[in-house]
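The values are calculated or read from the model by the stated rules, or taken from the named source; none is laboratory data. In this text, all values refer to a predicted model and were calculated from it rather than measured experimentally. Reconstructed Cβ throughout: ideal geometry from the backbone, glycine too, with neighbour counts over all protein chains shown. Just so you know, the surface numbers come from the protein's heavy atoms only, side chains and all, with ligands and any DNA or RNA stripped out. Shrake-Rupley method; radii C 1.70, N 1.55, O 1.52, S 1.80 Å.
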Amino acid sequence: MKRFLIYSTIGAALVVAGFLVGSLYQHLKSGYHFEVLEEKAFQSSLGKIKWSCVTESVGVPFLDPGTTIIKFEDRTIYKAQRYFQEDYPYARNIQTHDNVIAWEDGEFKYNLIVERLTNSLAAPQTKTKN
């Protein structure tokens, strides 16, 4: 009886260890990793603009160069991952004036014109002929 309990305990421990190792392997292989490295907020006449530098990857995050994200009112308007061992694209020099949001990323300069709709809750309606 004593030998049966020892073998049963060892078998149960091996099963639990197998599940834990399998779960860890699956997480490393296809798990989603997201970490905010730096974050800045800007106020404009249009609303809140948030710039962040993050690492984002699926699987093992091996030498992730980083991603910059610009959000306007909780909408992502720019997202780009840097090239390996390069300093671009990396959003910087964010400027706001009137209804324009401007920034550059090392390759391009962006000017986004934002206009608020007068009736933003209504969906556009199209007329159809019968």
(message) What is the sum of charges, Lys and Arg at +1 and Asp and Glu at -1, for the other residues whose Cβ falls under 12 Å from the Cβ of residue 55?
(response) -3
(request) Given the options 72, 84, 62, state which has the largest fluctuation in a GNM of the chain using a 10 Å cut-off (strictly under) for Cα springs. (result) 62
(request) First obtain the Kirkwood hydrodynamic radius of the chain from its Cα pairs, then insert it into the Stokes-Einstein equation at 4 °C and 1.567 mPa s, and state the resulting D in µm² per second as a whole number. (result) 67
(request) Before anything else, pin down the relative contact order of the chain: Cα pairs under 8 Å, at least 6 apart, normalised by residue count, whole percent. (result) 13
(message) On a full-extension model of 0.36 nm per residue, what is the gain between residue 107 and residue 39, subtracting their alpha-carbon distance, rounded to one decimal in nm?
(response) 22.3 nm
(message) Take the chain, mark every one of the trypsin sites (Lys or Arg not before Pro) that falls in a DSSP loop and has at most 15 other Cβ within 10 Å, then report the longest stretch left between them, sites excluded.
(response) 1-115
(message) Can you compute the modelled spin-label distance between residue 86 and residue 32, with each label point 7 Å from Cα toward Cβ, in nm?
(response) 2.7
(message) With +1 assigned to the C-beta of every Lys and Arg and -1 to the C-beta of every Asp and Glu, and no other charges, what is the dipole magnitude of the chain about the Cα centre in debye, to the nearest 20?
(response) 720
(message) From the protein chains alone at 1.4 Å, what is the descending order of accessible area for 113, 70, 6, largest first?
(response) 113, 6, 70
(request) Could you tell me how many degrees, from 0 to 90 and to the nearest 10, lie between the Cα long axis of helix 2-30 and the main elongation axis, the longest principal axis, of the Cα atoms of the chain? (result) 20
(request) For region 25-71, state what percent of all Cα-Cα pairs lands in each successive 5 Å bin, counting from 0 Å until the bin that includes the largest distance. (result) 5, 20, 22, 16, 14, 10, 6, 4, 2, 0
